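Heads up: the structure comes next, in structure tokens.
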Amino acid sequence: MIAELGHFALILAFVLSLYQMTVPMVGAAKGWHGWMESARPAALAQLMLMAVSFAALTVAFVTSDFSVRLVYENSHTTKPLIYKISGVWGNHEGSMLLWVLILALFGAAAALFGGNLPPTLRARVLGVQASVSAAFYAFIIFTSNPFWRMGNPPFDGTDLNPLLQDPGLAFHPPFLYLGYVGLSMAFSFAVAALIEGRVDAAWGRWVRPWTLAAWVFLTIGIALGSWWAYYELGWGGFWFWDPVENASFMPWLLAAALLHSAIVVEKREALKSWTILLAIMAFGFSLIGTFIVRSGLITSVHSFANDPERGIFILAILVFFTGGALTLYAFRAAEMTAKGVFAPVSREGALVLNNVLLAVSAFVVFVGTMWPLLAEMFWGRVLSVGPPFFNQAFTPFMVVLALVLPIGSIMPWKRGGIAKALRPLRGALVLTAAVMLLVFAVSTGHSALAVIGAGLGSWMVFGAGAELVHRTGSAGLSRLARLPRADWGKAVAHSGLGITFIAIALIQAWQVEDVRVAEIDEPFTVGAYEVTLRGVDRADGPNYISAMARLEVTRDGRHVATLRPEKRVYPVQNMPTTEAAIDYGFFRDVYLVLGDQQPGGGWAVRSYVKPFANWIWGGAILMALGGLISLSDRRYRVAAGAARAVPPRQGMPAE
């Protein structure tokens, strides 16, 4: 009965979305205030219905209701509770239900917090958002029903993919979807503005908090996925340029570009056409990511490659919304004339360069991701585009971005000079040079990668600090605490990016790796550490069997840690997994992986010493924190001039 209630609520939400996508839009076109206002209760009701639907599926998983086919295929009675809950979205149908729940959540948030928007714009934004929801409701109801019952319920389920039974991956999809789906709000604002034929400074102010929220969620989601890959898969890396990793990275890059472009619209009423295009493309790339994951094009632990017909349905959604928005853009772009005039060397010019670098780097990632798929599809050629291509093609754009970011941030609006902008950055330059000299001095073989990467990252960190000091002006450091939160948020986010740069460069340049067959009680050396295999024991988990090693790590005769890497086997799916053991440190990780037992009696052991590994995710946390600090700035939450908006009178057309 609970499953049927969830299914019924899903269908009602679909019907309500059809109402919300038509009636308020007609009201906005006719100037009928009552029709426009009906979008708000419709959006809130949609959220309530979707909450009921999602809760019903969650109850089915938690209670192990194996009469629901989805529960049978993705759960088991012995599975821990947290993975029964995460199993709700650890599959195609459940993850799509989470997707539409988040769509409804953002629509309801726009209805609740968009009271100061002009009525016509708010109605159109909610109407466009509802049209996106309606398309995905139809996709779920007609191709991916999560509430499908089985005639003869089995006694137990087939369990969830063991690789997904991990806390990091339990929380990774919800944050990622909050970012993906959050960009639908920027898309809705863009299409609503195109329909109205008006983009101004107030529009730039309205669209920024939604884009920033989506970017923050994407940052957290990508970081969680990277961290999970680092400690769970046992390969010792944090980013492999996997197609599904790239599918989330491309919208992140475009959202970052959109954030900076919207600043120019808000401050100078320039780059209007480009900003609208970015808003369309950012959400378009989110849909491309959805298509890649669910079309059957790739095989990955991240993917839900089931039925190619579902991929065709998603492709149709992608073509309809992205193609339709671009067509409307082609008709309206000429009307979005820029008012602000600026010199190439100015804050605006720096933000334009920022946008070009981010957009082109996203295009590079797109080409590298799609080219092997297209080559195999159209020419039957199997190509491999791996990390070497991305590292060489993508990295130069990031190097230039890191160099210009502190200078552009400190430039004045409209017109500036590089020499004048560098003056407040002299201290940052000195500190950056000192860091580069230190890294050069301690580098084995004087690695250029370590020196350059540490220099670029330090330049961003110290540059962000110098900008804060510069903004205090003659008031001195006492004014730092009174600076707007948006300034602090920008400095923290830019510093986080710099720290991530430092970490990636140093881990790639200084990492130590050792692969060998380890014998019991025979020590071996990995970098500055000595590792000894003391034994391998059998350990039984709630739904798995494990071979757990005891590896003692010492340095200069002093005990550092006893690490216990595992080789697990999940009997229900008969699938092995590797559980790395890591001694986390502020400046380094000792990372050990247990392999198979060898014929001679020893065990394969892979060992790493990874310098500054945790700084990668520390930098990502700072970036997300910077975004949250900026969101707390009241100027992000209240649109300029919106309070002066007056609803049109009944029956009168809106201006």
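Just so it is clear, none of the values below were taken in a lab; they were calculated from the coordinates. These numbers come from a predicted model, not from an experiment. All Cβ positions, glycine included, derive from the backbone under ideal geometry; neighbour counts span all protein chains shown.
A dipole drawn for the chain from +1 and -1 charges on Cβ atoms has a positive end, and of Ala580, Ile312, Trp206 the residue lying farthest that way is Trp206. In the chain, if the dipole is taken from +1 on Lys/Arg beta carbons and -1 on Asp/Glu beta carbons about the Cα centre, which of Thr290, Ala624, Thr58 is farthest to the positive end? My answer, from the dipole projection, is Ala624. Ratio of Rg to Rh for the chain, alpha carbon only, Kirkwood? Rg divided by Rh gives 0.99. Can you give me the Cα centroid spacing of segment 529-560 and segment 25-48 in angstrom? After rounding, the separation between the Cα centres reads 62 Å.
Just subtract the alpha-carbon distance of Asp156 and Leu477 from 0.36 nm times their residue separation and send over the number in nm, one decimal. All intermediate terms of the calculation are to be shown ahead of the outcome.
Numbers: separation 321, 0.36 × 321 = 115.56 nm, distance 6.50 nm.
Net length gain for the segment: 109.1 nm.
Selection among Pro146, Ala362, Gly349 by position relative to the dipole of the chain gives Gly349 as farthest towards the positive end (Cβ unit charges, Cα centre).
In this structure, the amide hydrogen of Asp589, modeled 1.01 Å from its nitrogen in the peptide plane, lies closer than 5 angstrom to those of Lys610, Phe612, Ala613, counting only residues at least 5 positions away or on a different chain. Peptides 168-176, 373-381, 284-292 ranked from most to least packed by the mean count of surrounding Cβ atoms within 10 Å: 284-292, 168-176, 373-381. Model label points for Thr337 and His559, set 7 angstrom from Cα along the Cα-to-Cβ axis, are 7.8 nm apart.
Quick one: dipole size for segment 126-232, taken about the Cα centre, charges +1 on Lys/Arg Cβ and -1 on Asp/Glu Cβ, in debye to the nearest 20.
On the way: 4 positive and 6 negative charges, 88 e Å.
I would put it at about 420 debye.
Between Glu513 and Arg381, the simple spin-label model (points 7 angstrom out along Cα→Cβ) gives 2.8 nm.
Can you give the calculated 222 nm mean residue ellipticity of the chain, where each DSSP H run of n ≥ 4 adds -39,500 (n - 2.57) and the sum is split over every residue, rounded to the nearest 500 deg cm²/dmol? Don't skip to the answer; put the middle values down first.
On the way: 21 runs with 400 residues, N = 655.
Result for the chain, helices only: -21000 deg cm²/dmol.
Full extension from Met398 to Lys30: what is 0.36 nm times the residue separation minus their Cα-Cα distance, to one decimal in nm?
Extending this stretch completely gives an extra 127.7 nm.
Sorting Lys267, Lys272 on the 10 Å Cβ count, fewest up front, what's the list? Working shown, then result.
Values: Lys267 17, Lys272 26.
With the sparsest Cβ surroundings first, the list reads Lys267, Lys272.
Annotation for segment 103-133 versus segment 323-375: alpha-carbon center distance of 25 Å. Using 0.36 nm per residue and subtracting the Cα-Cα separation, the extra length available between Arg149 and Val572 on full extension is 150.1 nm.
Exposure proxy shown here: for Phe389, Phe155, Phe189, the number of other Cβ atoms within 10 Å sets the order, fewest to most, as Phe155, Phe389, Phe189.
Remark: the chain carries a charge dipole of roughly 2960 debye about the Cα centre, counting +1 on each Lys and Arg Cβ and -1 on each Asp and Glu Cβ. When each of Lys414, Lys339 is scored by the number of other beta-carbon atoms lying within 10 Å, the sequence from fewest to most is Lys339, Lys414. Projecting label points 7 angstrom from Cα along Cα→Cβ for Ala448 and Val62 puts them 5.8 nm apart.
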